[in-house]
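**Student:** The structure that follows is given in the form of structure tokens.
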Amino acid sequence: MTIIAIPKGRLMPLCLDKLTQLGIMQDYKHKERQLSYNLGNDITLFMIRNSDILTYVKNNMADIAFVGSDILLEDGDNGNSYYDYADANLGSCRLMVAGREIKTNYSVSNKLRVATKYTRVAADYYAGKGLQAEIIKINGSVELAASAGFVDQIVDIVDTGKTLEDNNLITLDKIADITTRIIANKGVMKSKWDSISPLLKKLEA
Ligand code: PRP
């Protein structure tokens, strides 16, 4: 049995389309809250939060996974504890610094206050710029913290730019181009090589 993990959210329909196009999946009329799906051919699909994908792969709970490179960047492990196989060629976006379009005089601290779920990447970015920043971890709807004036800037994914626009925020700097990577558990690359390698080659297509 091979387990493929895909992230829920923005990337899920793209991954499901890709698996369908490649003939790995026949259809995906699963129940709305269903978290796993038997694809036949000895393959099971797991639907997991993007931020949990690496935990599944590193802890032998998934063999292959699609994951945003933003997650790999924040993890900072550079593929030591997982196998970074190839680009999936889907879901490209940018990791950006953004802030308010109209600056307010309201300041709660001498330091920049920054909200993000990418705390490690953000800390590196501001340190690299020689700026003092207080990084506040927020997992979702991070734009709200900036538009409400609680933080000066956010570090977050920008895809269409609609979320920033609808919350009166503008992009200030790009930290990285983001894509979706195909990764694999290091152990299974050896123990299940015969079944994993044709599947990886197919996914890379
Ligand atoms: C992501 C990201 C932004 C949004 C950007 O959020 O965190 O909020 O997408 O997309 P856009 O540029 O096309 O508007 P997601 O929908 O994954 O939910 P989240 O707020 O829980 O992170």
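**Student:** Within the stretch 126-165, work out how many residues are under 20 Å from GLU74 (Cβ atoms), acidic (Asp, Glu) and outside any strand (DSSP E or B).
**Tutor:** Number satisfying all stated conditions: 2.
So that you can scan it fast, the table gives a plain yes or no per residue for (1) without any contact (Cβ under 8 Å) to a residue 12 or more places away in the chain; (2) within 24 Å of GLY9 (Cβ to Cβ); (3) within 16 Å of the ligand (Cβ to nearest atom):
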{"residue": "THR116", "(1), (2), (3)": "no, yes, yes"}
{"residue": "VAL121", "(1), (2), (3)": "no, yes, yes"}
{"residue": "GLY128", "(1), (2), (3)": "yes, no, no"}
{"residue": "LEU169", "(1), (2), (3)": "no, yes, yes"}
{"residue": "ALA176", "(1), (2), (3)": "no, yes, yes"}
{"residue": "THR180", "(1), (2), (3)": "no, yes, yes"}
{"residue": "LYS186", "(1), (2), (3)": "no, no, no"}
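**Student:** Quick test of your reading of the structure: GLY99 fulfils all but one of (1) open to solvent by 20 Å² or more (accessible area, probe 1.4 Å); (2) within 16 Å of the ligand (Cβ to nearest atom). Name the failing condition by number.
**Tutor:** (1)
**Student:** Let me ask another. Quick one: ARG49 ticks every box in (1) over 30 Å from THR119 (Cβ atoms); (2) open to solvent by 70 Å² or more (accessible area, probe 1.4 Å) except a single one, so which number is it?
**Tutor:** (1)
**Student:** Take the residues in the stretch 153-166 that are in contact with a helix residue (DSSP H, G or I) (Cβ under 8 Å, 6 or more places away or on another chain) and open to solvent by less than 50 Å² (accessible area, probe 1.4 Å), then tell me which one is farthest from the ligand (Cβ to nearest atom).
**Tutor:** So, considering only residues that are in contact with a helix residue (DSSP H, G or I) (Cβ under 8 Å, 6 or more places away or on another chain) and open to solvent by less than 50 Å² (accessible area, probe 1.4 Å), the one farthest from the ligand (Cβ to nearest atom) is GLN153.
**Student:** Related question: Looking at the stretch 60-72, is at least one residue surrounded by fewer than 18 Cβ atoms within 10 Å (Cβ to Cβ), of a type in the set (D, E, K, R), in contact with a strand residue (DSSP E or B) (Cβ under 8 Å, 6 or more places away or on another chain) and touching a residue at least 24 places away in the same chain (Cβ under 8 Å)?
**Tutor:** No, the conditions are met nowhere in the stretch 60-72.
The values are calculated or read from the model by the stated rules, or taken from the named source; none is laboratory data. Note that the coordinates shown come from a computational prediction; the quantities given were computed from them, not determined experimentally. Here Cβ is always computed from backbone atoms with ideal geometry, including for glycine, and neighbour counts include all displayed protein chains. Ligands, DNA and RNA are excluded from the accessible area calculation, which covers all protein heavy atoms including side chains. Shrake-Rupley method; radii C 1.70, N 1.55, O 1.52, S 1.80 Å.
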